[in-house]
1. How do the peptides 107-113, 125-131 rank, highest first, by the average count of neighbouring beta carbon atoms within 10 Å per residue?
2. Can you order the peptides 44-54, 83-93 by their average number of other Cβ atoms within 10 Å per residue, highest first?
3. What net charge do the residues around Asn123 carry, taking every other residue with its C-beta under 11 Å from that of Asn123, with Lys and Arg at +1 and Asp and Glu at -1?
4. Counting Lys +1, Arg +1, Asp -1, Glu -1, what net charge surrounds Thr71 among other residues with beta carbon under 15 Å of its beta carbon?
5. When you take every Cα atom in the range 31-142, what is the radius of gyration, and what is Dmax, the widest Cα pair distance, in Å?
6. Specify which residue in the list Ile81, Ser49, Ser99 is farthest towards the positive end of the charge dipole of the range 31-142, using unit charges on the beta carbon of Lys, Arg (+1) and Asp, Glu (-1), about the Cα centre.
7. Net charge near Ala135, counting Lys/Arg +1 and Asp/Glu -1 over other residues with Cβ under 13 Å of its Cβ?
Amino acid sequence: MWNRDQAVLPDSSEPPVPAPPSSATATRRPVVAAATAGEGRPVVSIGKSVVMKGELSGSEDLAVDGTVEGTIELRDNVLIIGPNGRVKAQVFAKTVIVSGIVNGDITASERIDIREEGSVDGNIVSPRVAIADGAHFRGSVDIQKKGPHGGKPQPAMSQNKV
């Protein structure tokens, strides 16, 4: 199994040397590529030709430029939907930045940022929400205060009287 810690990154002073194509590697494209965010944290990237269906969870920041359907759970991490990203899923993350298209509900413990070119059809729940001029949004907004335990939003209280 591939381990990220075993990967050798090329020295920036030397140009990368491409490996000779073989019949096994010539037809495969990498599904996920590792990068580094400005904060030095690793960011996993799903390319625009990749289609994933099912449950997606992890403990790293994720950038989606492909298509994801199902559920995305990155509760302590950042999810970035790039301009080519198409997500049809229930999303749970610390921060969600949308520049592509999301069909589904988004819950973020810190913030949701829908950029000018972004589109969201679904309900959003977060303590901080930013929707840029020109962005598309259809759904409800629930701005919940951070709770006292771990900074997670608290579920809405029922208004039913006993």
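No lab work stands behind these numbers, since they all come straight from the coordinates. Note that this is a predicted model, so its numbers are computed, not measured. Because the Cβ atoms are built from the backbone with ideal geometry, glycine has one as well, and the counts that use them run over all protein chains shown.
1. The most tightly packed comes first, giving 107-113, 125-131.
2. Ranked by mean Cβ neighbours within 10 Å, highest first: 83-93, 44-54.
3. Here the count lands on -2.
4. Taking every other residue near Thr71 into account, the sum is -1.
5. Cα radius of gyration and Dmax of the range 31-142 are 12.5, 34 Å respectively.
6. It is Ser49.
7. -3
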